[in-house]
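Bear in mind that the values in this text are calculations on the coordinates, not laboratory data. Since this is a predicted model, take the numbers as computed values, not measurements. Virtual Cβ from ideal backbone geometry, glycine too; neighbours counted across all protein chains shown.
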């Protein structure tokens, strides 16, 4: 590892309050696939597999915390609350708060195209970070660190309670005002398989009202619905 990589690992360890026996796990958690694709002979793996593991850690932590702290919520309400915390936009927001983008290891093309602050890269890196902690220290410490780092978003989710899905709100608004048929149309899929971005249009009476994007098609639809609501009902 370069001196810069070693220093970055030390700085990140200090930030999360945890030392790794080997820096290789933490370095992998920070390595975007663009770097490994550009350095074919590098022994360093990308964080894609670790992202999968960290996603499971976050899902477990958020589900358990909500279950304990929201005893009167139904299964459906808990599911909505969990979705608000684990979605890519929220995880990227958390990653920005701890300046995780500073530590990412990117390929040249990804670096020059703004990849250090790209929502999908930041959310994936945060998930990978929790995956690395799980592998290094086990579930107990991974749980504690996840609760610490995600604590504010968990608190906000609980404080705000269950918010209705923007798609449902838009459907109700359109029906209440007799504005016609509502339709969502997938217009673009971009990026590699593990990092796809889905762009979706929402149409009322075959007229495009707004466009949204997300790592899942449903996230793109929800973002489009939120924008459409603001356009159709600016006082809301």
Quarter of the surface of the C-alpha convex hull for the chain, i.e. direction-averaged projected area in nm², equals 14.3 nm²
So the angle from the long Cα axis of helix 88-97 to the longest Cα principal axis of the chain, reported in degrees to the nearest 10, equals 50 degrees
Computed over the chain: longest principal axis from alpha-carbon atoms vs helix 75-86 long axis, angle to nearest 10 degrees, is 50 degrees
From the Cα centre of region 49-65 to that of region 108-136, the distance in Å is 15 Å
Longest principal axis of the chain (C-alpha) makes with the long axis of helix 48-69 (C-alpha) an angle, in degrees to the nearest 10, of 60 degrees
Of all DSSP beta bridges having both residues in the chain, the percent classed as antiparallel (nearest 5) is 95 percent
Of 21-27, 111-117, 186-192, 124-130, ordering from highest average Cβ density within 10 Å down gives 124-130, 21-27, 111-117, 186-192
Computed on Cα atoms, the radius of gyration and Dmax of region 1-108 in angstrom are 16.7, 54
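In nm, what is the difference between 0.36 nm times the number of residues separating residue 179 and residue 45 and their Cα-Cα distance?
Gain on stretching residue 179 to residue 45: 43.1 nm.
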